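Values quoted throughout were computed directly from the atomic coordinates according to the rules given, and no laboratory measurement underlies them. What you see is a predicted model, and the numbers here were worked out from it, not measured in a lab. Every residue, glycine among them, receives a Cβ derived from its backbone with ideal geometry; neighbour counts consider all protein chains shown.
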Amino acid sequence: MLSKKEKELIIEIWEKLTPVAADIGSDALLRMFASYPGTKTYFSHLDISARSRHLLFHGKKIVQAITEGAKDISQLTVTLAPLQTLHAYQLRIDPTNFKLFSHCMLVALACHMGDDFTAVAHAAMDKFLSAFAAVLAEKYR
Amino acid sequence: MVVWTESELSIINSIFSSLDYEDIGPKALCRCLIVYPWTQRYFGGFGNLYNAAAIKSNPNIAAHGIKILHGLDRAVKNMDSIKETYAELSTLHSEKLHVDPDNFTLLGNCLTIEIAAKLGDGFTAETQGTFQKFMAVVVNALGKQYH
């Protein structure tokens, strides 16, 4: 459950990250590939080396989708409907991986924000990303 | 048996020697209790945990955080025998403290985040990968004596 304050904090954080969306997104992906090598299997068709065009493009896409979702968390199911279909029927990424990516996103945020990534911000962000992942997996079965 | 490369050993030693246990220990534990409030169930006798501010100023929690970091230090000093080093601690957490081993991962995640916040860009993807491998071994060893 997210309080009004937490929702505002989340929007504030993601809007601040918009100019560095590609950097944050690709950093999170790179961390996930380094810590959980099994996740690389979903990217065998791309060049996922550090700072590659594919990685930056992909990272940016993900952060933009998260930022969009953050704008109205109560409408996540509506906002994510096309992505739900994509992940369920085409990408079919095992949802356990969403948790792994979320963790690496939190680490990327901590590296980027330092002390500003307070425990309160961390808690709010973790809750939001869990909700986001749950909605993303809704059409799987 | 866990195999560590020279590089991995160097990374782990470098991370821990850059940490002030008296600072990062309390921070990691506080973060865990705030981000995953259900973990507070194990700290009933520690005093006021009513909100984030109370947790952060609780001296018992701070002391315990430091204890935990020193516990991790034992693994760092015995990288080739972490399972044996933690056998007694594992039994303690299982039989006396009754801690669900899933919680070890949660605390590990919070420690990772604290270290990331401290080291910033220095906590590269490769460094994180090595650190997560270390934490996975620690968590596994702590859960070994549960039955």
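Observations on the structure shown:
- FRET efficiency, B:Asp121 to A:Lys99 (Cβ-Cβ, R0 30 Å, nearest 0.05): 0.75
- At least 18 Å along the helix axis (C-alpha) and Kyte average at least 0.5, DSSP helices within chain A: A:21-35, A:96-113, A:119-136
- Chain A: most fluctuating residue of A:Gln64, A:Gln90, A:Gln75 per GNM, C-alpha cutoff 10 Å: A:Gln90
- Gaussian network model of chain B, springs between alpha carbon atoms under 10 Å - residue of B:Gly71, B:Gly45, B:Gly25 with greatest fluctuation: B:Gly45
- Mean separation of Cα contacts under 8 Å, 6 or more apart, over the residue count of the range A:4-140: relative contact order %: 34
- Both the radius of gyration and Dmax for chain B are 15.1, 45 Å, in that order, over alpha-carbon atoms.
- Site pair A:Glu15 and B:Tyr50 shows an inter-label distance of 3.3 nm when each label is modelled 7 Å from Cα along Cα→Cβ.
- Listed residue pairs exceeding 30 Å between alpha carbons, taken from A:Lys4/A:Lys139; A:Lys71/B:Lys133; A:Lys16/B:Lys27; A:Lys4/B:Lys133: A:Lys71/B:Lys133; A:Lys4/B:Lys133
- As a proxy for reagent exposure, ranking B:Thr5, A:Thr39, B:Thr91 by other Cβ atoms within 10 Å from fewest up yields B:Thr5, B:Thr91, A:Thr39.
- When you filter the chymotrypsin sites (Phe, Trp or Tyr not before Pro) in the range B:1-88 for DSSP loop state and at most 11 other Cβ atoms inside 10 Å of their Cβ, you are left with B:Tyr50.
- Peptide B:29-42 has a mean of 2 when you count, residue by residue, the C-beta atoms of other protein chains within 10 Å of its C-beta.
- A:Tyr89 versus B:Lys96: modelled label distance in nm, points set 7 Å from Cα along the beta carbon direction: 5.8
- The mean sequence distance of close C-alpha pairs (under 8 Å, at least 6 residues apart), as a share of the length of chain B, puts its relative contact order at 32 percent.
- The three principal axes of the C-alpha atoms in the protein assembly as shown carry coordinate ranges of 51, 44, 36 Å, sorted with the longest axis first.
- Dipole of the range A:4-140, positive direction: furthest Cα of A:Gly69, A:Leu56, A:Leu109, with charges on the beta-carbon: A:Leu56
- Exercise: per-residue mean of other protein chain Cβ atoms within 10 Å, A:110-119: 6
- In terms of Cα atoms, the Rg and Dmax of chain A work out to 14.4, 41 Å.
- Residues considered: A:Ala22, A:Ala65, A:Ala108. Largest GNM mean-square fluctuation over chain A, using C-alpha springs under 10 Å, is found at A:Ala65.
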